[in-house]
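Since every read-out is calculated from the coordinates, none of them should be taken as a lab result. Just so it is clear, the model here is predicted, and its values are computed rather than measured. As a convention, Cβ positions derive from the backbone with ideal geometry for all residues, glycine included, and neighbour counts pool all protein chains shown.
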Amino acid sequence: MLPTYFISHGGGPWPWVPAWRRQFANLEASLAQIPRQLVEKPRAVLVVSGHWEAPEFAVMSAARPGMVYDYQGFPAETYRIVYPAPGAPEIAARTADLIREAGLPARLDGTRGFDHGAFVPLFVMYPDADTPVFQLSLQSGYDPARHVRLGRALAPLRAEGVLIVGSGLSYHNLGLFGAGAREPSEAFDHWLADAMALAPEHRTSAVLSWEKAPFARVCHPKEDHLAPLFVALGAAEDEPAARVYHDQGLFGGVTASSYRFGASAT
């Protein structure tokens, strides 16, 4: 049984920008460790990215997904990056079926490519791009309970060799970096750590009520980058959480973390 992950995926195409890569050295080290924490190499990786939302849950079904360069202001070469992992059409169809069986709306999307919430961390985790990858959108509105339900629907995939990765950021306010981000991001990160340490039933309740956390709407004016946590949690709801990445002082003040749900092989 594979664990699930909620990862803070960093900023833009950071592995290809030397100054940014140095800043995210701790994140890179944590992502590189993930394959070593698994009991087996995944049959496929399912990424729920904070960079894709749809009116219903959309499942990437292309055999050879393209690229989505959903960032601005970076060097020209970062718009020519290719992460050539194959898709997973059959597992995508299975995923859509599981979502519909749970009473949630789902469709297959044969045109969507990899956004940077997927190809950036996967470039570090699986640089050979030899593991099939497919993505699953968030649903517009980011309803926490609905996304936890989505995670529960996806749980059977874990026993079928699919690694579920919720890719977002534990702090995502693009208008507040530097010293001004220090207090809110630290306070929210402390709340998140405490919530992850709760017994499963209390942990889910805390996450569903995340807006009560200190500085919640300062850290997440729009919860697109927090919603992948709801999915990763729902898919391993009864299993312990472990923090696998923690940084302080990013961009002059940001605290950020990532979590694994379920046991590590190491």
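How much length is gained on full extension from Tyr71 to Phe251, taking 0.36 nm per residue of separation minus their Cα-Cα distance?
Length gained between Tyr71 and Phe251: 63.1 nm.
Starting from the Cα of Thr111, step 7 Å toward the Cβ, then list every residue of the stretch 58-94 with an amide N under 18 Å from that point.
Counting only backbone N, you get 58-70.
For Ala263 and Lys212 in the same chain, what is the full-extension length gain: residue separation times 0.36 nm, less their Cα-Cα distance, in nm?
Going from the current span to full extension adds 15.5 nm.
Which value in nm describes the separation of the simple spin-label points at Trp20 and Asp128, placed 7 Å from the Cα toward the beta carbon?
2.8
Of all DSSP beta bridges located in the chain, what percent are antiparallel, nearest 5?
35
Hey, what's the Cα Rg ratio for the stretch 4-261 versus the globular rule of thumb, 2.2 N^0.38 Å?
That works out to 0.93 for the stretch 4-261.
With r defined as the distance between the Cβ atoms of Leu174 and Val39 and R0 fixed at 35 Å, what FRET efficiency is calculated, to the nearest 0.05?
0.40
For His202 and Lys222, calculate 0.36 nm times their separation in residues minus their Cα-Cα distance, and state this gained length in nm to one decimal.
Gain in length upon complete extension: 4.8 nm.
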